[in-house]
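Okay, so here's the structure we're looking at.
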Amino acid sequence: MKYYLSILFTLVHLTLTSQQSKKEIKALKIDKAPTIDGVLDEDFWKNTDTAKDFFKYEPKSGGHELKNKKTTVKVAYDDEAIYFGATLYDDTPQKIPKQFTKRDKIGIVDFFLVSLNPNNDGNYDTEFFVLSTGVQADAKVNAKREDYKWSAVWYSKVKYNKDSWVVEMKIPYSALRFSTNVETWGINFYRKINYLNEFFSWNYINPEIGTYTQYAGLLTGLKNIKPPVRLSFSPYATASYSIANKSSIFDKSIGLDLKYGISESFTLDATLIPDFRQTAFDDLVLNLSPFEQRYDEQRAFFTEGTELFNKGHLFYSRRIGNRPIGNRSVKRNLEDNEEIIENPSKVNMLNAVKVSGRTKKGLGIGFLMPLQKKHLQRLKIQLQI
């Protein structure tokens, strides 16, 4: 009896050990970029390493894929981007739900997910979703929290076959923060089969220990990457004409967002003369508590690289450039000897500059400097003195 128990313990130990070991996949360097059409017909896809044998993550972590619902993933790269070709087998493709949603809204669908960590530190993953409808979603992970407010420019296409659906992806290096000296990235692939309520991951994840970002596999073979200059501009302009009480008001504004890659790891973001009129409205919230209501940041400038400023939840970017609280009712609280000098109705921030990134050893560095009209006024007073 003891002999059988010893054999059983050994088999269980070997199974758990094999599940917890990190898998590896080697990326193939290519000379010509593939066409992102959901068809893996380029010759180089035949010669790439393959990620396969996914583990069940939910429910009951540790199970294996069904034979008719396996997943395989291939990885390639060049000096512009990294490419993924995933084949998600399914013998009943008509059961795959296809609820169409807006970007970053998962809904009731199947999806394929690539989670990248160029620093391979078990934290701060960057996630790229492709839904069964072809809709994209992307997020940054910080302390188990997925931040879907962050968005990047990348490309994907879904193609359905008789026994599978294929996802082809192109993620430019401009969407990532990485160092060319780091040749091994953390990576994991996920697949959600919605109508079975099952969730799979390429590398085994133990939900009872640590966080899922700590169970990434290894992406190797990334050598001699020479990414292009990361420079982008986002100009914008708004104009409005309103008539009220026989008087008319014409209002206009222009501005510019700039992004420049100082290095592979550090990025300079700047916003010039913003008024953030293009930003989505906040949902109406009834706050009955004695504490301040904190709203999610919707302004693009403040969603890039801000995970470095969120330690201890001390940084709240919504206060930057905000107008005074109680803008219209402040007159009721004035004393006899008080007078309102200025009561702005819109953001009065002129410019803002931000530098963020991580060193080769994983040290995060962030610098943020907003400039408002009141700062210029104070500067004028100091110069006059």
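Some observations on this one:
- Asp78 satisfies every condition listed in (1) of a type in the set (Asp, Glu); (2) surrounded by 20 or more Cβ atoms within 10 Å (Cβ to Cβ); (3) under 25 Å from Phe44 (Cβ atoms) except (2).
- In the stretch 208-244, residue modelled with the lowest pLDDT [restricted to those that are in a loop (DSSP other than H, G, I, E, B) and among the small types (Gly, Ala, Ser)]: Gly210
- Checked against the criterion of being out of contact with any Leu (no Cβ under 6 Å at 6 or more places or on another chain), over 18 Å from Ala81 (Cα atoms), outside the structural domain of Lys259 (by TED's automatic domain parsing) and surrounded by 20 or more Cβ atoms within 10 Å (Cβ to Cβ), the candidates Val135, Val167, Val130 yield just one match: Val135.
- Close pairs from the stretch 205-220: first over 22 Å from Ile82 (Cα atoms), partner aromatic (Phe, Trp, Tyr) and not in a loop (DSSP other than H, G, I, E, B), Cβ under 8 Å, at least 6 apart: Ile205/Phe55; Ile205/Tyr57; Ile205/Tyr212; Ile205/Tyr215; Asn206/Tyr215; Pro207/Tyr57; Tyr212/Tyr57
- Hey, Ala33 surrounded by 13 or more Cβ atoms within 10 Å (Cβ to Cβ), under 24 Å from the mean Cα position of the chain (by Cα) and assigned to a loop (DSSP other than H, G, I, E, B) or not: yes
Residues checked against (1) without any contact (Cβ under 8 Å) to a residue 60 or more places away in the chain; (2) within 23 Å of Val182 (Cα to Cα); (3) assigned to a loop (DSSP other than H, G, I, E, B); (4) not aromatic (Phe, Trp, Tyr):
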residue	(1), (2), (3), (4)
Lys46	yes, no, no, yes
Ser61	no, no, yes, yes
Gln94	yes, no, no, yes
Phe100	yes, no, yes, no
Ile106	yes, no, yes, yes
Asn120	no, yes, yes, yes
Glu127	yes, yes, no, yes
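- Test: residue in the stretch 195-207 that is crowded, with 21+ Cβ neighbours inside 10 Å, assigned to a helix (DSSP H, G or I) and of a type in the set (Ser, Thr, Tyr): no
- Screening Ile320 against (1) of a type in the set (Val, Ile, Thr); (2) surrounded by 13 or more Cβ atoms within 10 Å (Cβ to Cβ); (3) modelled with pLDDT of 80 or more leaves a single unmet condition, (3).
The values are calculated or read from the model by the stated rules, or taken from the named source; none is laboratory data. Note that the structure is a prediction, hence the values are computed from the model and not measured. A quick note on method: Cβ atoms are made from the backbone with ideal geometry, for glycine too, and the neighbour counts reach across all protein chains shown.
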